[in-house]
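A short worksheet on the structure shown next.
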Amino acid sequence: MKQKIIIIGAGMGGLFTGALLTKEGYEVTLLEKNTIAGGGLQCFRRGGETFETGMHVLGGFQPGGSLDKICTYLGIRQRLSIVPGQGVMCSLTYGKDAKTYRFPCGKQAFIDYFSREFPAEAENVRRYVERLYALSEEVDLFHLRHGRDTLRNHSEEFLQPVGPFIASYIRDSRLRDVLAVLNPLYAGVAEHTPAYIHALINVLYIEGTSQFAGGSQQLADALCDLIRDGGGRVLCGDAVERVDVEERLVKQVLTHSGRQYTADWYISDIHPCTLLGLTGDHAFPKAYRNRLNDIPNSYSAFTVYIKCKPGSVPFVSYPRYYLSGDSNTWQVAAYDSDEWPRGFMCITPPTTEDDTRATRMIVNCIMPFDAVRRWQDTRLGNRGEEYLRWKEETTEKVLQRLEEFLPGIREGIEFSFASSPLTIRDYYGTKEGAIYGFHRDAQNLISSQVTIGTKVRNLLLTGQNVNLHGICGVPLTAIEVAEAFVGNGTIIDKINQAYAQK
């Protein structure tokens, strides 16, 4: 008989894990609190326009990339409408001097571009980029290779804080700042984030970027269909409210509607601290609970969604970063209500595969949860007039910054609205609205590192709080979780074989 597996949460981690296990013959049931599966992949409609909630820029979908291989193996690659980037990874504009840097895709093109922009640093740029790639080679799973990664198997630089790592290769202070531009994609903190995270994210996007045409929901839908076609279930709109654990074994889970579900194995795709709240105090050892609760979380975000007037805003195929005044890339996460936002990322997601004009724009600004902590006891739709006024004022600050970057942009806006860290907290169920889950700290990596195994024998973890977050890390963690059932390297071999035979 098929072994039964229940997955709590149908975000990207739960869906990829469920899809891989379904292909291995397991009977999978996903339980999702929201009405639609997908988590950060989910899209929503407003004013006739589709907006992504989180997955804006893709890496790994170029031919031979990790996501291209994984989705080919799952049989869903052909269902995805993906627009390749036009040779540009991203751009960064400094408001102080109106200087813009455009980051090219391709390892040699990247080296050549920054060698021209900073000729005195040409050899240092080459050494820095070569080292990025070398660090990425230390992570076998990143390249879909066999291996068991342990901290002992890595170089000293692997765990060096990212700020000192960049400075060890680059002398020019402006170039150091430029090369840290992607830190908002991994909640980077100069003195704390490990260099390997910086390396993996940068190599992923240097190798090629892309976007979903028509929204990221298509990937969630394809994974749901695969699971259902394989005999599994994806049940939405009924949150798990209790996980019963006895003698270090999950016995059942109970949902808001009163339904009970039992299985041989359970996998959690929700934030580990949220999971703790669903179990009794004695489900996990006190030391384990304390360690999870003590891990700092990454920052959150305030996002402004814009519907563009028809034909008024050009489509740009890559994310654009903007820094105001004297701000630098590491200061973007600092919060001061008078100076916020110091910078932002804006993107115009494609609607079709041949867009020339934008239909929508998303402006994402880093914001710590402290900015909204005074309303932490409220819930969506019931936050009060003070919060609504604050939200309107904060949206206006973002639009003013956007106007600095794109003069006249307001004339092209049909309407705009926003979400705050509270929205992210309540929608994703993630502690303090952390957009990338737990913060990884090079100064204390052992304490901030979470493995797929737990102190409950038939309960595993998947999702962005394990290993690495986002489109880069979550599907790879799903492979690790699935291989815990079928054997190390088993699924990686199948993925590579399927791609070689396509």
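The values are calculated or read from the model by the stated rules, or taken from the named source; none is laboratory data. No experiment lies behind these values; they were computed from the predicted model shown. Cβ placement follows ideal geometry from the backbone for every residue including glycine, while neighbour counts extend to all protein chains displayed. All accessible areas refer to the heavy atoms of the entire protein, side chains included, with ligands and DNA or RNA removed. Shrake-Rupley method; radii C 1.70, N 1.55, O 1.52, S 1.80 Å.
Has region 42-60 got at least one residue that is among the aliphatic types (A, V, I, L, M) and either at pLDDT 90 or above or under 25 Å from Phe485 (Cβ atoms) (or both)?
Start the filter on region 42-60 by keeping residues that are among the aliphatic types (A, V, I, L, M), which leaves 55, 57-58.
From what's left, either at pLDDT 90 or above or under 25 Å from Phe485 (Cβ atoms) (or both): none.
For region 42-60, residues among the aliphatic types (A, V, I, L, M) and either at pLDDT 90 or above or under 25 Å from Phe485 (Cβ atoms) (or both): absent.
Name the single residue that is most open to solvent (accessible area, probe 1.4 Å) among those in region 287-309 being over 30 Å from Glu353 (Cβ atoms) and among the basic types (Lys, Arg).
To start, the set of residues in region 287-309 that are over 30 Å from Glu353 (Cβ atoms) comprises 287-300, 302.
Now narrow it down to the ones that are among the basic types (Lys, Arg): 289, 291.
Values: Arg289: 40, Arg291: 78 Å².
Checking each candidate, the answer is Arg291.
Within region 310-341, which residues are exposed (fewer than 14 other Cβ atoms within 10 Å of the Cβ) and touching a residue at least 24 places away in the same chain (Cβ under 8 Å)?
Pro310, Gly311, Pro314, Gly325, Asp326, Ser337
On the basis of being polar (S, T, N, Q), modelled with pLDDT under 90 and surrounded by 17 or more Cβ atoms within 10 Å (Cβ to Cβ), does Thr29 make the cut?
Working: polar (S, T, N, Q): yes; modelled with pLDDT under 90: no; surrounded by 17 or more Cβ atoms within 10 Å (Cβ to Cβ): yes.
Against the criterion (polar (S, T, N, Q), modelled with pLDDT under 90 and surrounded by 17 or more Cβ atoms within 10 Å (Cβ to Cβ)), Thr29 does not qualify.
For the structure I just gave you, tell me whether Ala122 is touching a Ser or Thr at 6+ places or on another chain (Cβ under 7 Å), of a type in the set (Gly, Ala, Ser) and open to solvent by less than 10 Å² (accessible area, probe 1.4 Å). Outline the logic, then answer.
Numbers: touching a Ser or Thr at 6+ places or on another chain (Cβ under 7 Å): yes; of a type in the set (Gly, Ala, Ser): yes; open to solvent by less than 10 Å² (accessible area, probe 1.4 Å): no.
Taking the combined requirement at face value, the residue does not satisfy it.
State all residues of region 478-502 that are modelled with pLDDT under 95 and open to solvent by less than 10 Å² (accessible area, probe 1.4 Å); if no residue qualifies, say none.
Gly489
Mind listing whichever residues of region 464-502 are among the basic types (Lys, Arg) and assigned to a helix (DSSP H, G or I)? Walk me through it before giving the result.
Kept after step one, since they are among the basic types (Lys, Arg), are these residues of region 464-502: 494, 502.
Matches in region 464-502: Lys494 only.
So which residues in region 304-321 are within 17 Å of Pro104 (Cα to Cα) and not in a loop (DSSP other than H, G, I, E, B)? Give the steps one after another, and end with the answer.
Applying the first criterion (within 17 Å of Pro104 (Cα to Cα)) to region 304-321 yields 316-321.
Arg320, Tyr321, listed by residue number.
Among residues belonging to region 442-463 that are touching a His at 6+ places or on another chain (Cβ under 9 Å) and either open to solvent by 40 Å² or more (accessible area, probe 1.4 Å) or assigned to a helix (DSSP H, G or I) (or both), point out the one that is modelled with the lowest pLDDT. Spell out how you get there, then give the answer.
Step one: filter region 442-463 for residues touching a His at 6+ places or on another chain (Cβ under 9 Å), giving 442-444, 448, 463.
Then keep just the ones that are either open to solvent by 40 Å² or more (accessible area, probe 1.4 Å) or assigned to a helix (DSSP H, G or I) (or both); that gives 442-444, 448.
Working: Ala442: 82, Gln443: 79, Asn444: 76, Ser448: 69.
Only one residue fits best here, namely Ser448.
Across region 71-117, what is the number of residues that are over 22 Å from Asp354 (Cβ atoms), of a type in the set (Ser, Thr, Tyr) and either touching a residue at least 24 places away in the same chain (Cβ under 8 Å) or in contact with a Ser or Thr (Cβ under 9 Å, 6 or more places away or on another chain) (or both)?
6
For the list (1) modelled with pLDDT under 95; (2) over 30 Å from Ile82 (Cβ atoms), I need the number of the one condition that Thr262 fails.
Evaluating Thr262 over (1) modelled with pLDDT under 95; (2) over 30 Å from Ile82 (Cβ atoms) leaves (1) as the failure.
With a cut-off of at least 2 residues that are touching a Phe, Trp or Tyr at 6+ places or on another chain (Cβ under 6 Å) and open to solvent by less than 30 Å² (accessible area, probe 1.4 Å), name the strands (runs of 3 or more DSSP E) lying wholly within region 164-255.
Output list reads 249-255.
Name the pairs: first residue in region 192-204 and touching a residue at least 40 places away in the same chain (Cβ under 8 Å) and among the polar types (S, T, N, Q), second residue assigned to a helix (DSSP H, G or I) and open to solvent by less than 10 Å² (accessible area, probe 1.4 Å), Cβ to Cβ under 8 Å, at least 6 apart or on different chains?
Thr193/Val162; Thr193/Asn183; Asn202/Leu132
With respect to His146, is the statement that it is under 20 Å from Ile201 (Cα atoms) and either out of contact with any Lys or Arg (no Cβ under 6 Å at 6 or more places or on another chain) or open to solvent by less than 50 Å² (accessible area, probe 1.4 Å) (or both) true? Steps first, please.
Numbers: under 20 Å from Ile201 (Cα atoms): no; either out of contact with any Lys or Arg (no Cβ under 6 Å at 6 or more places or on another chain) or open to solvent by less than 50 Å² (accessible area, probe 1.4 Å) (or both): yes.
The answer is no for His146.
Tell me, which residue of region 392-441 that is among the aromatic types (Phe, Trp, Tyr) and not in a strand (DSSP E or B) is most open to solvent (accessible area, probe 1.4 Å)? Please lay out each step first, then the result.
Restricting attention to region 392-441, the residues satisfying the condition of being among the aromatic types (Phe, Trp, Tyr) are 405, 415, 417, 427-428, 436, 438.
Still in the list and also not in a strand (DSSP E or B): 405, 427-428, 436.
Working: Phe405: 34, Tyr427: 56, Tyr428: 75, Tyr436: 39 Å².
By that ranking, first place goes to Tyr428.
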